[in-house]
Amino acid sequence: MSAWLLPLARRVGSLALVLLATSFIVFGAMYLAPGSPESFLVRGNSVTQETLQAIRDQYHLDEPFLSQYVLWLGGVVQGDFGLSIQFRQPVSELIASRVPTTALLVGYAAVLILVVGVLVGVLAAVKRGGVDGTAIVVSTVAMATPSFVVAMALTSLFAVTLGWFPAFGAGEGFGDRLWHLTLPAVALALSSAALVLRTTRTSMIGALGKEYVETARVRGFSSSRVVWGQAFRGGIVPVVTLAGLVISGLLVTTTIVETVFGLNGIGSLLVQAVNVKDFPVVQAVILIIVAVFVLSNLVVDLLYPVLEPRARAKGGAR
Amino acid sequence: MTLPTTETRSTHLLTRRSWLAIRHRGNALTLAAVIALGVLVLVAILAPVIAPYDPNQVSLIDALQPPSAAHLLGTDEAGRDVLSRVIWGARISLLGPLGVVLGSTLIGVTVGVLSAWRGGWVDATASRFVEILFAFPGVLLAILIVAVFGPGLASTVVALAVAYIPYMARTTRSVALAERQTPYIRALELQGMSAWRITSLHLVPNIAPFVLAQATLCFGYAMIDLAGLSFLGFGVQPPEADWGAMVAAGQAALIQGSPAPALAPGAVIVIAVVSFSLLGEGIAERVRRTSA
């Protein structure tokens with residue numbers, strides 16, 4: 001057990017270091033701007049003397065640089081990102097109100113990525129031939145298509161020409177929301193689904209050639225049992241690792257997709273905050289996305305020995 | 001009933017044959033990619049000669065015309081010729097990613113060779129630096145830089161160049177480590193040649209094909225990222241426009257039923273990125289085969 005715990009401790013340590021460095025970059029960026037930090041923070045926004053003092057207090061600008069950072073980080077760790085300069089409202093509240101839309105969108109896209117990517121990937125590996133060729137061509141193009149181009153093509157076809165789905169907005173109630181989020185979710189998912197498809201295909205072709213799969217085949221197991229019962233269990237491991245990475249990476253792409261479809265989520269909040277020069281919001285959203293990204297990588301790393309019995313036998317070492 | 005053994009043998013044969021087919025197809029695809037990219041580069045260089053109209057010529061009476069003989073891709077919401085704008089847009093759309101790739105390759109190769117050559121604390125420090133940068137998605141770093149310095153091509157290109165360093169540094173470090181162990185490098189070291197001369201005259205030229213393959217792949221990703229940032233309004237500023245900014249400008253017309261101003265530049269981005277990834281894969285494949 002300790003052989004498993006030591007690499008874990010090392011992973012958590014390096015994760016903490018990455019998060020600390022990220023927070024320092026996000027905080028220190030303010031000092032790279034020309035002029036004083038408070039003139040940078042209020043630029044473009046008309047503020048009263050009290051607001052200016054509130055901003056000075058929020059960032060502890062009367063303290064030396066390092067204590068500013070430590071005090072700010074202390075707040076961040078407790079979920080206190082200060083007040084939005086634009087709205088004079090706690091940044092954490094602003095973000096909390098936006099989380100459900102983004103969570104539903106990313107969840108929807110994740111389901112699409114896993115279902116389409118894994119199913120078609122397995123199918124391409126098993127059938128080969130025409131199915132495989134088509135899957136390769138389509139996924140090559142899909143991987144090269146930016147989300148906003150997918151969004152435009154989908155909007156033109158399914159919203160403008162056919163009128164099946166709305167081009168804007170998030171909708172009310174669960175069913176209506178899913179209907180509204182369908183085009184955005186496809187736009188968000190497409191290139192990642194193609195990547196998952198490719199990885200599944202390669203990994204399954206490898207797994208189908210393994211000895212234990214061959215044995216199952218020789219023993220007369222049905223072909224669906226050979227594919228799903230035997231080959232899939234080994235073949236899915238690299239896919240899980242990749243899927244964790246690409247799904248947490250979707251948070252970055254929500255900046256584009258939410259902006260295109262007029263959705264009030266985290267991503268569009270970041271874009272709006274940059275446009276209205278609301279730096280506390282920019283800092284908070286970037287930190288949260290990087291933290292989610294890094295944490296999901298850790299979760300995937302921890303899942304790895306559970307999914308891959310050989311790695312567990314070797315004490316979690318890779 | 002088919003015997004499982006025959007079935008497996010036939011799949012083996014099939015895979016071998018299709019693998020050969022893929023190899024041939026791979027060469028043809030690499031060639032197609034080279035041609036497509038060559039055409040795009042020529043279009044960018046010859047833009048003043050081949051563009052039928054001034055890309056910024058506003059003519060409101062001609063707004064949103066469908067594709068016709070006079071305007072092959074129609075006109076946009078300001079009556080500008082879409083084809084001419086796509087042709088002129090090739091310049092920034094290709095120069096931006098070029099800047100990203102050159103910057104990240106220069107720094108990434110230096111960092112990678114240095115860590116492989118020196119090892120020890122240099123390697124440890126550089127690896128940590130690379131690891132931290134890896135956790136910071138490139139587009140987010142670019143958005144942070146834009147939030148601090150304001151939008152523009154320079155902000156986004158510099159930010160993405162920094163964000164892409166890890167990809168170049170990791171590849172370089174691993175191939176440079178392997179190259180370092182080769183007898184000829186050892187022999188040069190024993191002859192007393194300086195580390196600087198060995199690395200710059202022998203090691204770097206020898207690992208250059210690997211670096212080129214990785215840089216070509218990065219070019220495609222950089223193009224997607226830069227176009228996305230331009231789409232959000234963070235990249236190149238009007239009246240200049242790359243393909244990403246043109247797609248964004250075309251959204252309103254697309255909703256009104258004129259998709260060409262948004263979809264034409266979008267399609268060109270896809271063609272360019274597919275070509276870069278096919279070319280990158282082609283170079284990587286060739287390098288693998290010759291070095292194996």
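Here the contact order of segment B:6-291, divided by its residue count and restricted to Cα pairs under 8 Å and six or more residues apart, works out to 22 percent.
If R0 is 25 Å, the Cβ-Cβ spacing of B:MET193 and B:ARG118 corresponds to a FRET efficiency of close to 0.95. Extent along the principal axes, Cα only, for chain A: 81, 60, 34 Å, with the longest axis given first. Calculated on C-alpha atoms, the gyration radius of segment B:126-174 divided by its Kirkwood radius gives an Rg/Rh of 1.04. Sparse packing (at most 15 other Cβ atoms within 10 Å of the Cβ) combined with a DSSP loop state is found for the following trypsin sites (Lys or Arg not before Pro) in segment A:10-94: A:ARG43, A:ARG88. Scaling against 2.2 N^0.38 Å puts the C-alpha radius of gyration of segment A:191-294 at 1.61. Inter-chain neighbour count for B:127-136: the average number of beta-carbon atoms from partner chains within 10 Å of each residue's beta-carbon is 5. For the listed peptides A:182-192, B:28-38, a ranking on the average number of other beta carbons within 10 Å per residue, highest first, reads A:182-192, B:28-38. Overall size of segment A:135-202 from C-alpha positions, given as principal axis extents largest first: 41, 25, 16 Å.
A viscosity of 1.567 mPa s and a temperature of 4 °C, combined with the Kirkwood radius over Cα pairs in Stokes-Einstein, give a translational diffusion coefficient for segment B:139-207 of 90 µm²/s.
Just need log10 I(q)/I(0) for the protein assembly as shown at q = 0.08, 0.09 Å⁻¹, Debye formula, equal scatterers on the alpha-carbon atoms, no solvent, rounded to two decimals. Values returned for q = 0.08, 0.09 Å⁻¹ are -0.66, -0.84. When only alpha carbons of segment A:96-279 are considered, Rg and Dmax amount to 19.0, 67 Å.
Across chain A, the mean sequence separation of Cα contacts (distance under 8 Å, 6 or more residues apart), normalised by length, yields a relative contact order of 24 percent. Per residue of peptide B:254-262, the mean number of Cβ atoms on other chains within 10 Å of the residue Cβ is 4. Projecting the alpha carbon convex hull of segment B:6-291 along each direction and taking the average yields 21.0 nm².
When the Cα convex hull of segment A:32-104 is projected onto planes of every orientation, the mean area is 6.0 nm². Dipole size in debye (nearest 20) for the protein assembly as shown around its Cα centre, Lys and Arg Cβ +1, Asp and Glu Cβ -1? Taking the Cα centre of the protein assembly as shown as origin, the dipole is about 2860 debye. Per-residue ellipticity at 222 nm, computed for the protein assembly as shown from helices alone with -39500 (n - 2.57) per DSSP H run of at least four residues, works out to -25500 deg cm²/dmol. Per-peptide packing, taken as the mean over residues of other Cβ atoms within 10 Å, places B:111-121, A:71-81, B:213-223 in the sequence B:213-223, B:111-121, A:71-81 from highest down. Subtracting the Cα-Cα distance of A:VAL138 and A:ASP62 from 0.36 nm times their residue separation leaves 21.6 nm of extension gain.
Taken as entire DSSP H runs, the helices of chain A that both span 20 Å or more between Cα atoms along their own long axis and average -1.0 or more on the Kyte-Doolittle scale are A:2-32, A:91-127, A:129-143, A:174-208, A:237-260, A:279-307.
Cα-based radius of gyration for segment A:60-193, normalised by 2.2 N^0.38 Å, reads 1.51. Computed over the alpha-carbon pairs of segment B:79-119, the distance histogram in 5 Å steps reads 6, 19, 15, 12, 11, 10, 8, 7, 5, 4, 2, 1 percent, short to long.
Of B:SER84, B:ALA195, B:VAL100, which is farthest along the charge dipole of segment B:6-291 in the positive direction, counting Lys and Arg as +1 and Asp and Glu as -1 at C-beta? After comparing all options, I get B:ALA195. When both segment B:81-102 and segment A:82-118 are represented by their alpha-carbon centers, they are found 33 Å apart. When peptides B:78-84, B:158-164, A:215-221 are ranked by their average number of other Cβ atoms within 10 Å per residue, the highest-first order is B:158-164, B:78-84, A:215-221.
Peptide A:137-147 is shielded by partner chain Cβ atoms: per residue, an average of 5 of them sit within 10 Å of its Cβ. Measuring r between the beta carbons of B:LEU31 and B:SER68 and using R0 = 25 Å, the FRET efficiency lands at 0.15.
Just so you know, all these numbers are worked out from the coordinates, no wet-lab data involved. Just so it is clear, the structure is predicted and the values come from calculations on it, not from any experiment. With ideal geometry, Cβ positions are generated from the backbone for all residues, glycine too; neighbour counts draw on all protein chains shown.
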